Amino acid sequence: MPELGVCSAHRNTPQDFYIMNAKQFSLKIEQIKRENGDMSYMDAILFYCDQQKIDPAEVGKYVSKSLKEKITIEAQGLNLVEKGGTLPL
């Protein structure tokens, strides 16, 4: 029987991820973005998920309000959402 809150395809995910809070996750994403220059916040999240072998659908609860705002601003700049619109995160 699969563990609760763990995608069956990613049961080998490092346990450190599951004890991370939104602030720690945001700091990690900010660090990845800084280290990779032109990488967007969404790309940084996907990069982190790929590195840690985490299903991206599982990190939504760790995306802080400030990180959501930064992602929204980037999406608006790319015309992916209307100005004043919000992303469904």
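Derivation of every value follows stated rules applied to the coordinates shown; laboratory data play no part. Owing to the predicted nature of the structure, the values given are computational and were not obtained by experimental measurement. Note: ideal-geometry Cβ built from the backbone for every residue, glycine included; neighbour counts use all protein chains shown.
Numbers for the structure displayed
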{"item": "Selection of GluC sites (Glu not before Pro), the range 20-89, meeting DSSP coil and at most 12 other Cβ within 10 Å", "result": "GLU82"}
{"item": "Nearest-0.05 FRET efficiency for LYS61 and GLU35, computed from C-beta distance (R0 25 Å)", "result": "0.55"}
{"item": "Loop sites in the range 17-61: trypsin sites (Lys or Arg not before Pro), DSSP, at most 16 other Cβ within 10 Å", "result": "LYS53"}
{"item": "LYS53 paired with ILE73, simple spin-label distance in nm, labels 7 Å along Cα-to-beta-carbon", "result": "3.6 nm"}
